[in-house]
Amino acid sequence: MQPGERVTVTCVDIDDEGAGVTAPGERPRVHVAGALPDERVAAVVEHVSTHAPEAWARLEQVETPSPARRPPACPAFGSCGGCVLQHLEYEAQLAWKRARVARALAALDVIVAPCVASPRPLGYRNRSKLVPARPARADGRLVLGAYAPRSHDVVDTAGCRVAEAPLDDTATALEALLDQAGVVPYDERTLTGDLRHVVLRASHDGRVLATWIATRPLADGPALARAFRAARPEVIGVVEHVNRGRGNAIFAAETDKDRTLDGAATIEERVDVEGTTVRLRLSGGAFFQANRGVAALAYAAIVRALSARAAERVVDAYCGVGGIALALARAGATDVIGIEVHEGAVADAAASAALTGVTGTRFVAGDVAARLATIDRADLVVVNPPRKGCAPKVLAEVARLAPRAIAYLSCDPDTLARDLAWLGAHGFRTSDVTPYDMLPHTPHVEALAILERAGAAPGGLPSP
């Protein structure tokens, strides 16, 4: 098989990137973006691996469509690279995500529950991260969009169906203002230009906080911000963040790079959990789950599973802005410690505790393993690490604390499997795993694992 060769293949599964893929025994195994399981397709080979029997091909024609194939909702489907599973019926997406988690955890002999569906499969995403560009196909007009797959070509994402309703309208208005002002988009190849990204965050009540990321302060930034807010009253504030770095990180590490151009510098989010409300203060760069509805379901499951008692100490590692920690505090925990490496998130978490009206919570900034090492005991531990999973030192410190239960909310099934295996070898049994569809129509799946320490009794009572 060679690049440029036209092939006809039958796909049997979806790979971790969302592409259809042929059977594992085939040599080479062919990945075809846009193809679905049980489909026979014609494709053109674009790349053949020199390291493994794998090839990647461009879909030309679906000769035998899957019964689960559906018309995609988004106008940019197939070009923006974001929601690559929109053409697969939603129930089939959920089944595939559960299977993906089960496959990753196969060696652990744990039962994986059905994937929890998003309350809204469309219009769920509360944050848009947009890239400015003046592509030739737009006649030099500035657009706010997303990078096409495996390229730095920007695709106009106007009409995006997964973003919450205010985000597309506010992006369109801002796009026109930036274009009229002659703002120059940043070019990563030439290291020229002023505007790198625009981040729009929508709250539970439809308000929007805008943050634009620039290589230097925009001279007409305050005037643009005022004009933007006048055009879109739901925009409560505009913040400018300066990132002079050459990497592809959206935000710089330093939080003192922000200046409020007009209105508020933060936005309030609310999450309803088990009959109570958690109020969160979010700054432009703060991490909060992209799907508010699924976040509420996962938080509630953690509260129920841990059943924290008032006298127990809860430690929430990788706590972000404190959503899970505060949900546990609202449920009755009176000694909660949150640890987060980002100082800005810790400031948001402390403010969120005040908004929510809980006491007995402490949020500290620093390396998670180092901060855990200063804690003498914990009855319950929550970990919600990034995709790379928990650092080995973090796992070692969690084991040292010997909590009666651990809630591990993961955004990568493979690193979850690795970490659960380590914890299993150090006295913790995984009792159940539940996948959550945090990002419908994408290959992304989150999973909540509940672990119990061998010999520990439920509810914080000493074992007999």
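The values are calculated or read from the model by the stated rules, or taken from the named source; none is laboratory data. Just so it is clear, the model here is predicted, and its values are computed rather than measured. Glycine also receives a Cβ, built like all others from the backbone with ideal geometry; neighbour counts cover every protein chain displayed. These area figures cover heavy atoms from the full protein model, side chains too; ligands, DNA and RNA do not enter into them. Shrake-Rupley method; radii C 1.70, N 1.55, O 1.52, S 1.80 Å.
Need one number: % antiparallel among DSSP beta bridges in the chain, to the nearest 5. Don't skip to the end; give the middle numbers.
Working: 65 of 99 bridges.
Antiparallel bridges: around 65 percent, rounded to the nearest 5.
Keeping the other protein chains in place, figure out the carbon and sulfur percent of the accessible area of segment 157-273, with a 1.4 Å probe. Could the numbers behind the result be given before it?
On the way: 2460 of 5110 Å².
Using a 1.4 Å probe with all protein chains present, segment 157-273 comes out at 48 percent carbon and sulfur.
Explain nothing, just compute: Karplus ³J(HN,Hα) = 6.51 cos²θ - 1.76 cosθ + 1.60, θ = phi - 60°, for every residue of segment 236-251 in order, whole Hz, x for Gly and Pro.
8, x, 10, 10, 10, 10, 9, 10, 8, x, 8, x, 9, 5, 5, 9
Heavy-atom accessible area per residue, the chain, 1.4 Å probe: how many Å²? Present the calculation step by step, with values, prior to reporting the outcome.
Values: 19840 Å² over 464 residues.
I get 43 Å² per residue for this part.
When a/c is below 1.5 the answer is rounded, else prolate if a/b is larger than b/c, else oblate, so apply that to segment 1-150 with a ≥ b ≥ c taken from the square roots of the Cα gyration tensor eigenvalues. Don't jump to the answer; show the numbers that get you there.
Working: a/c = 1.78, a/b = 1.12, b/c = 1.59.
Oblate, since a/c reaches 1.5 and b/c is not below a/b.
Work out, step by step, the length gained on full extension between THR8 and ALA421: first 0.36 nm times the residue separation, then minus their alpha carbon distance; give nm to one decimal.
On the way: separation 413, 0.36 × 413 = 148.68 nm, distance 4.00 nm.
Taking THR8 through ALA421 to full extension adds about 144.7 nm, to one decimal.
With runs of 4+ DSSP H residues as the only contributors, calculate the mean residue ellipticity of the chain at 222 nm using -39,500 (n - 2.57) per run, divided by the residue total and rounded to the nearest 500. It would help to have the intermediate numbers written out before the result.
Numbers: 9 runs with 106 residues, N = 464.
-7000 deg cm²/dmol, from helical runs alone.
Tell me, what ³J(HN,Hα) does each residue in segment 41-53 have, in order and in whole Hz, if you take phi through Karplus 6.51 cos²θ - 1.76 cosθ + 1.60 with θ = phi - 60° and put x for Gly and Pro?
Per residue, the Karplus-derived 3J(HN,Hα) values read 10, 9, 8, 10, 5, 10, 8, 10, 5, 8, 10, 8, x Hz.
Assigning unit charges at the beta carbon (Lys, Arg +1; Asp, Glu -1) and nothing else, what dipole magnitude in debye, to the nearest 20, does segment 355-402 show about its Cα centre? It would help to have the intermediate numbers written out before the result.
Details: 7 positive and 4 negative charges, 33 e Å.
The calculation lands at about 160 debye.
List every residue whose amide H lies under 5 Å from the amide H of VAL162, counting only residues 5 or more places away in sequence or on a different chain, with H placed 1.01 Å from N in the peptide plane.
GLY123
Show the residues, 5+ positions off or on another chain, whose built amide H is closer than 5 Å to the amide H of HIS47.
TRP56
Rounded, prolate or oblate: which fits segment 371-423 when a ≥ b ≥ c are the square roots of the eigenvalues of the alpha-carbon gyration tensor, with rounded for a/c under 1.5 and prolate only if a/b beats b/c? Before the final figure, lay out the partial values.
Numbers: a/c = 1.98, a/b = 1.74, b/c = 1.14.
It is prolate, given that a/c is not under 1.5 and a/b is the larger ratio.
If you place +1 on the Cβ of every Lys and Arg, -1 on the Cβ of every Asp and Glu, and leave all else neutral, what size is the dipole of the chain about its Cα centre, to the nearest 20 Debye? Working shown, then result.
Working: 51 positive and 55 negative charges, 107 e Å.
The dipole magnitude comes to about 520 debye.
Once phi is turned into ³J(HN,Hα) by the Karplus curve 6.51 cos²θ - 1.76 cosθ + 1.60 with θ = phi - 60°, what whole-Hz value does each residue of segment 313-326 show in order, with x for glycine and proline?
9, 10, 10, 10, 7, 6, 7, x, 8, x, x, 5, 4, 6
Assigning unit charges at the beta carbon (Lys, Arg +1; Asp, Glu -1) and nothing else, what dipole magnitude in debye, to the nearest 20, does segment 382-439 show about its Cα centre? Write down the numbers at each step before the final one.
Details: 7 positive and 6 negative charges, 55 e Å.
About 260 debye.
Just to be sure I follow the definition: excluding the sites themselves, where is the longest run in the chain that has none of the trypsin sites (Lys or Arg not before Pro) in a DSSP loop with at most 16 other Cβ atoms within 10 Å?
On the way: sites that count: ARG141, ARG150, ARG189, ARG244, ARG246, ARG309, ARG377, ARG387, LYS388.
Longest gap between qualifying sites, sites excluded: 1-140.
Quick one: net charge of GLY221's neighbours, Cβ under 14 Å, K/R +1, D/E -1?
Details: positive: ARG196, ARG216, ARG226, ARG229, LYS257, ARG259; negative: ASP194, ASP220, GLU240, ASP258, ASP262.
Here the count lands on +1.
Just to confirm a number: summing +1 for Lys and Arg and -1 for Asp and Glu over residues other than HIS47 whose beta-carbon lies under 12 angstrom from that of HIS47, what do you get? Numbers along the way, then the final one.
Numbers: positive: ARG58, ARG150; negative: GLU5, GLU46, GLU54.
So the surrounding residues net to -1.
Using alpha-carbon positions, what is the distance between the centroids of segment 117-138 and segment 282-347, in Å?
Answer, in whole Å: 26.
Looking at [x] 23.7; [y] 25.2; [z] 21.8, which value of Kirkwood radius over Cα pairs in Å comes from a calculation on the structure shown?
Answer label, from the structure shown: [x].
Under 1.5 on a/c is rounded, so check that first for segment 280-408, then, if it is not, pick prolate when a/b is larger than b/c and oblate when it is not; a ≥ b ≥ c are the square roots of the alpha carbon gyration tensor eigenvalues.
Details: a/c = 1.36, a/b = 1.14, b/c = 1.19.
Verdict is rounded for segment 280-408.
Can you list the residues, at least 5 places off or on another chain, whose amide H is less than 5 Å from the amide H of GLU312, using H built in the peptide plane?
Amide H neighbours of GLU312, under 5 Å, 5+ apart: THR334.
Note down the accessible area of ASP205, probe 1.4 Å, to the nearest 10 Å².
Surface accessible to solvent at ASP205 totals approximately 80 Å².
Find the eigenvalues of the gyration tensor of the Cα atoms of segment 331-398, then list the square roots of 5 times those eigenvalues as equivalent ellipsoid semi-axes, largest first, in whole angstrom.
Details: eigenvalues 89, 44, 22 Å².
Working through the eigenvalues yields semi-axes of 21, 15, 11 Å.
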